Every structure is written in C-alpha cells, then in structure tokens.
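Okay, structure first, notes after.
The values are calculated or read from the model by the stated rules, or taken from the named source; none is laboratory data. Because the structure is predicted, anything quoted here is derived from the model rather than measured. Every residue, glycine among them, receives a Cβ derived from its backbone with ideal geometry; neighbour counts consider all protein chains shown.
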Amino acid sequence: MQENLAHLVDVLATRHVLPVEDYERLVVGRSPELAAYAAGRAVELRKAIYGTDVFVRGLIEISNHCKNDCRYCGVRRSNATARRYRLLPEVILSCVDEGYDLGFRTFVLQGGEDPWFTDDRLCDIVASIKAAHPDCAVTLSVGERGRASYQALFDAGADRYLLRHETATREHYELLHPAQMSFDERMRCLRDLRDIGFAVGCGFMVGSPYQTSAHLAADLKFVEEFRPQMCGIGPFVPHHATEYAQCPCGSVDLTCLLLSLLRLMQPNLLLPATTALGTLDPRGREKGILAGANVVMPNLSPTAVRGKYELYDNKICTGEESAQCRDCLGARMLSIGYQVVVDRGDPRQDQTA
Ligand code: SAH
C-alpha cells in the first residue's frame, strides 16, 4: 500500500474532509491493502458511536409504476415488459403491522414515481402508520415531487426521505437520464427536503455506465458538503430490459472502500449495506458492514409482488417471507459479531469525543 494513501485515510479519519483530488487519488490508487486499512479505521470510528449495533429498516416496495424513464432502471416507464403493481393502503398498513411485530421501528415506503400516490393518499398512509405506531419512524423514497408536496408529507408525520442524487456530475447525470429529467431539479428536491426538516438520504450507484474515478470523487465531495443523515450506495447491476443490459456490474470491493471513506467522512452517518451489494456477492452485506456500514434493509413487501419490483436483474430476497428476511439478516449480522437492534435507528452522537 502506498504510504501517502494511508496518510490520506488518516487525515479523513481525523478532519473528515479532503480535497476532491485526494478522494480521486484514493479511488484510483485503491488496493486490497488500502481497503483493509480504511475499513479498519472506519470500523473504529463507527464502534465509538454505534458499538456493534446494526439498525434495520423494513422496506415496503409500494409501487413499480413510474412516470420517469431513468436509463438504468428496470421499472422505467418505457419498459413494456415490466409487470406493474401497486399496493393498496390497507396492504401497506398490514405490512407495517407485521413488521412492527417482528421488531421493526422504521418503515421505508419506496416506489416508482406513481401518480396514483397523490399527496392526499400518501399523507393518509403516513398518518395512519404514525397513529398506529407512534414509536416508529416513517421514511419515504418516492422520488421527485414539488416542495409543497414534500411539506405536506412532512406535516403528515413522515420523518425521513431518501432520494439518491445518483451522480453529482451534471454531464454524467444527463447521460444516465432522459432529457425530461434534470440535475438541477434533483438537487432542488434534496435542498427542499433538508429545508423542510426531513432527515435526508442521498446516494449514488457505484460502477454506473460512463462513471469515472473523477465522478466518484465528486460524489464523495458532494456528500461531504451536503452532510446528509443517510447515504445509500450500491453497485450498479444491469437490467435486461434497459439499454445498459450488456454493461458490467459495479464492483463490490470498490463499493466497500467507498463505504469506509463515507464512514470516515461522517462518523455517525446512517449507511446501509444494500440489497444490490448482496445481489452481487452472497456475503456482500456482511462485507458492507465490515467496511463501515451500519444499516440493513430487509424486505417487508408481500411475497406476491417482490419479484416485480425489479430495479435490476437477479435481485435477492424475492421469495422469502418477511420473518425469514429479518431472521436471515439477523443471523448474518451475528455471524460477523454484530446484532440487529429494535430501535428507530436515529443518528447517535459520538460518546467518546
Ligand atoms: N423512484 C425513487 C426510488 C428509486 S429506486 C427515486 O427516484 O428515488 C432506488 C434506487 O435504486 C435508485 O435511486 C437507484 O440508485 C437504484 N437503482 C436503480 N436501478 C438500478 C440498477 N440497475 N442497479 C443498481 N441500482 C439501481
């Protein structure tokens, strides 16, 4: 391992910022030794705040109807082969009830940009969940909406919002998305969400088509400056019915290195070991935790629809019941010396600092 790269890791661990050129040096100069070093330091910082606790979020995939047409995504509007579904409010609420009994205290409602989920309908769902389970957090991940819509959802009781920025480089964003979508609009949404008071998650894919090391460095810089409460990153995985069907998958090792760098940058960041990581490597989520992640998101969607929420090919956990998913992830965490906790999983502050 190059000593100067280890030194950059040390600087990041103590000062939590680096010039964008140094992020790029770390990405370009990566090696297994550098990744192991960064992971060691990341785990040390995380331990001081979260011990060996891993937070869980119950993921409910509420709809795969989408008015958007992101080029990489399997549920994009122009994929005529997608089998479309949406969950009725009462089905969503019963998934939540089941999840509550299984120990979940955060529910993530994620879906395509489905106009059926008007503000009124979504607000009703959020308010019903909060009324039934006041001790739980509700996270929304339903894409780009107007500021007034985000405000209404917040007022209805939603606590958090996940909206990956996908890439912090405008030119790259424009390659991955159709002309109707705009980088500025994505950024406007993230700013509005933050101003309104949501705990906000941004994030990006690793190894998406056309991505360079400079793009990843810009993503790290963006996260450093935006200071989200959460950051979702996972490897790109091609979907057979998109123009990127033949593109290579993102790298699990690079994703893990980036998880470590994000942890060093923001020691209390809520950082999931994603399903995409588990899709490319049977031990991907364990590797993500060992690199510095501290969140896992078992699937609580009804088994009948899971296979249809197909963002990319070969997505895991599509055949299991919710309890199986929870137990499987719980056992995986125990196998590496961590435990899933019954907790809303809000950011904690460093006890030793
Ligand atoms: N409509 C919502 C939810 C999108 S799905 C929104 O716009 O935020 C959640 C995430 O899955 C996306 O933000 C994207 O980063 C990721 N994703 C989509 N297609 C993917 C693919 N082919 N490989 C890996 N991740 C993908």
Among the residues of region 120-161, which ones are of a type outside the set (K, R), over 20 Å from P228 (Cβ atoms), in contact with a strand residue (DSSP E or B) (Cβ under 9 Å, 6 or more places away or on another chain) and not in a loop (DSSP other than H, G, I, E, B)?
L122, I125, V126, I129
May I ask you to verify whether R326 is part of a helix (DSSP H, G or I) and either modelled with pLDDT under 95 or buried (at least 22 other Cβ atoms within 10 Å of the Cβ) (or both)?
yes
Condition set within 14 Å of the ligand (Cβ to nearest atom) and either touching an Asp or Glu at 6+ places or on another chain (Cβ under 7 Å) or part of a loop (DSSP other than H, G, I, E, B) (or both), scope region 187-209, selection nearest to V28 (Cα to Cα): answer is G207
Top-ranked residue of region 225-248 - restricted to ones that are more than 7 Å from the ligand (Cβ to nearest atom) and of a type in the set (A, V, I, L, M), ranked as farthest from A80 (Cα to Cα)
M230
The conditions are (1) in a helix (DSSP H, G or I); (2) in contact with a Lys or Arg (Cβ under 9 Å, 6 or more places away or on another chain), and H239 fails exactly one of them. Which is it?
(1)
Can you name every residue in region 11-37 that is surrounded by 13 or more Cβ atoms within 10 Å (Cβ to Cβ), in a helix (DSSP H, G or I) and of a type outside the set (A, V, I, L, M, F, W, C)?
D22, Y23, E24, R25, Y37
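Does Y85 meet the test of being at pLDDT 95 or above and surrounded by 22 or more Cβ atoms within 10 Å (Cβ to Cβ)? Give the derivation first.
Numbers: at pLDDT 95 or above: yes; surrounded by 22 or more Cβ atoms within 10 Å (Cβ to Cβ): no.
So Y85 does not fit the description; no.
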Looking at region 52-73, which of its residues are over 14 Å from the mean Cα position of the chain (by Cα) and of a type in the set (D, E)?
D53, D69
Under 7 Å between Cβ atoms, which residue pairs at least 6 apart in sequence (or on different chains) link something in region 74-95 that is in contact (Cβ under 8 Å) with a residue 12 or more places away in the chain with a partner that is in a loop (DSSP other than H, G, I, E, B) and more than 14 Å from the ligand (Cβ to nearest atom)?
V91/P302; C95/L300; C95/P302
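Can you tell me which residues in region 81-118 are part of a helix (DSSP H, G or I) and within 16 Å of the ligand (Cβ to nearest atom)?
Initially, region 81-118 is screened for residues part of a helix (DSSP H, G or I), giving 89-101.
The one that is part of a helix (DSSP H, G or I) and within 16 Å of the ligand (Cβ to nearest atom): I92.
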Flag if A276 is part of a helix (DSSP H, G or I) and in contact with a Leu (Cβ under 9 Å, 6 or more places away or on another chain):
yes
Among the residues of region 329-353, the number that are in a helix (DSSP H, G or I) and either of a type outside the set (S, T, N, Q) or surrounded by 15 or more Cβ atoms within 10 Å (Cβ to Cβ) (or both) is 6
So, E33, is that one of a type outside the set (F, W, Y) and farther than 25 Å from A158 by Cα or not?
yes
Taking region 104-139 only, how many residues are under 20 Å from the mean Cα position of the chain (by Cα), closer than 20 Å to K308 by Cβ and not charged (D, E, K, R)?
6
Against the condition buried (at least 17 other Cβ atoms within 10 Å of the Cβ) and of a type in the set (G, A, S), how does S128 come out, does it pass?
yes
If you scan region 301-323, which residues turn out to be outside any helix (DSSP H, G or I), away from the ligand (no atom under 16 Å from the Cβ) and of a type outside the set (D, E, K, R)?
P302, G319
Hey, does region 222-243 have a residue that's loosely packed, with under 14 Cβ neighbours inside 10 Å, farther than 29 Å from A148 by Cβ, without any contact (Cβ under 8 Å) to a residue 24 or more places away in the chain and more than 17 Å from the chain's Cα centre (by Cα)?
no
The condition of being aliphatic (A, V, I, L, M) and either within 16 Å of the ligand (Cβ to nearest atom) or more than 24 Å from L329 (Cα to Cα) (or both) holds, among A158, A137, only for A158
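With V75, V27 as the choices, which residue is among the β-branched types (V, I, T), within 21 Å of T274 (Cβ to Cβ) and in contact with a His (Cβ under 9 Å, 6 or more places away or on another chain)? Steps first, please.
Working: V27 fails: in contact with a His (Cβ under 9 Å, 6 or more places away or on another chain).
So the residue among V75, V27 that is among the β-branched types (V, I, T), within 21 Å of T274 (Cβ to Cβ) and in contact with a His (Cβ under 9 Å, 6 or more places away or on another chain) is V75.
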